Amino acid sequence: MIIYGTALLAVCHLAGLFLGELLGMAIGVKANVGGVGIAMLLLIGIRLWLHGRGLLPRETEAGVGFWGAMYIPVVVAMAAQQNVVAALRGGPVALLAAFGAVLVSAGCIAVLSRTGDHAPLPPLDADGAAVSTH
């Protein structure tokens, strides 16, 4: 079952690379734009969707969790391969994308911090169920 988590990651990775290439072509950049990030978002979204419907066994979730943790070094290694100087010389697209990502992230943090319940979450038992403190 752990191999299914790896297969899910592989499908998300391939879809993310494809979508990153399409995004690059759409904005006129001859490179993959955000493919690994798109893949990670797909993996998170699909994992949450499957988990919410009870279709994700613990073993498969362990495989997804392992590769999710390994994704950070993969992203760092892929980012090290990028030619930042050539991207900046190619036009303002890289700068606009960076500033846009920072602004969107800051906006999302501001909205999330002003909405919702700010009470701490209840502790969990060994099965992951909330423990009643009353």
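Any read-out appearing in this document is the output of simple, stated calculations on the displayed coordinates, not a laboratory observation. From a predicted model like this one, the values you see are computed outputs, not experimental measurements. We place every Cβ from the backbone using ideal geometry, glycine too, and count neighbours over all the protein chains shown.
Some values worked out for this structure:
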{"read-out": "Residues in the stretch 1-41 that a label on A77 would reach, taking backbone N under 19 Å of a point 7 Å out along Cα→Cβ", "value": "6-18, 32, 34-41"}
{"read-out": "Local net charge near G5, Cβ-Cβ under 9 Å (Lys/Arg +1, Asp/Glu -1)", "value": "-1"}
{"read-out": "Extension gain from A7 to A97, taking 0.36 nm per residue of separation minus the Cα-Cα distance", "value": "29.3 nm"}
{"read-out": "Phi to ³J(HN,Hα) by Karplus 6.51 cos²θ - 1.76 cosθ + 1.60 over the stretch 98-111, Hz, x for Gly, Pro", "value": "5, 5, x, 5, 5, 5, 5, 4, 4, x, 5, 5, 4, 5"}
{"read-out": "Cβ-Cβ FRET estimate between R58 and H118, R0 fixed at 30 Å, reported to 0.05", "value": "0.45"}
{"read-out": "Theoretical FRET efficiency, 1/(1+(r/R0)^6), r = Cβ-Cβ of W49 and A130, R0 25 Å, to 0.05", "value": "0.70"}
